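First up is the structure itself, then whatever we jot down about it.
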Amino acid sequence: MHDKASFCIEFDDAGVSRGGHIIWQHGTFRIPQGSVTAIVGTNGTGKTTMMKAELGLIPIAHGGITVLGKPAGAMNHRIGYVPQSYASDIESNITAEQSVLLGLTGARFGIHPITRLQKDKVRNALEFVDMQDKARYRLSELSGGLRQRVAIAQALVSDPQLLMLDEPLANLDLASQRATVHVLAKLNRELGMSIQVVAHDLNMLLPILTGAVYLLDGHPHYAKMNEVLDSKLLTHLYGTTVQVVTTPQGDMFVTPSEDEPDDIDVDAHAPEEIARFHRHNRISQEA
């Protein structure tokens, strides 16, 4: 008998359909508490749909999804959610501080007085993502990478048990991706927070991932990272030749092969860049 408290997300023969079309089905797996998990798959396989189903925002066609011990949607007050559209959805004239405060007050911003406790929570969240010196900056003055950190702070301010992010590294440069991954690593390591990330490219996330849900042939599967990082599985998953490279230091990363078709847009960094990142990451962890 499994202890419910030891799993943050559980799927029991879960499936989702839209307009009579099955997006994915027969998902049965358990994701442990304290894990960092990616939802991976090619475009159109239903990655964002899966995260929204876990949040209870999309009904499931059959089976069940349990999040933090309750049916999907029931524990959203303990979940921090960063949608992919955060940067474009939020009013860019408000400050970083005001944006984070919305994580506590929602639409009530500007009507009710702000308590000292709320101010402290906002300050602590901004400090955690290393954005305290940008608190008074308007979002319109911040780069995409800094906005992403504000979005994470907004999700953190209510002390969630689970943080869910939809493509948090999309459209960010390498340095901003590195900074975002560092924040996620810190959250998991220092606060023991469970984290789930929708991702197209695994490379930058590899140092922190403990497992992945991969959408393959219309079925979700979960596996620990050493089981996911198999070149045959990844080649099947992405429909093109994928290599899993192990460096002399033992780091693993995924890189498309040289014979990638010209008409496929590959969201991946050069192996040398990734190797440099892993070296930098290991040095900073040892420091």
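Values in this text are rule-based calculations from the coordinates and carry no lab data. Every value quoted in this text rests on a predicted model; they were computed, and no experiment measured them. Heads up, the Cβs are rebuilt from the backbone with ideal geometry, glycines too, and the neighbour counts pull from every protein chain shown.
Stretching residue 133 away from residue 189 to a fully extended chain increases their span by 17.8 nm, per 0.36 nm per residue minus the current alpha-carbon distance. The length gained on full extension between residue 170 and residue 226, counted as 0.36 nm times the residue separation minus their Cα-Cα distance, comes to 17.7 nm.
For residue 24, the residues whose modelled amide H falls within less than 5 Å of its own, excluding neighbours fewer than 5 places apart on the same chain, are 16. Expressed per residue, the C-alpha convex hull volume of the stretch 91-160 stands at 78 Å³. With contacts taken as Cα pairs under 8 Å and at least 6 residues apart, the stretch 91-160 reaches a relative contact order of 51 percent. Among 160, 144, 106, which residue has its Cα furthest toward the positive end of the charge dipole of the stretch 91-160, with +1 on Lys/Arg Cβ and -1 on Asp/Glu Cβ? Value computed over the given set: 106. Length gained on full extension, residue 12 to residue 217: 72.0 nm, using 0.36 nm per residue less the C-alpha separation.
Taking only the alpha carbons of the stretch 97-215, we obtain Rg and Dmax values of 14.6, 46 Å in that order.
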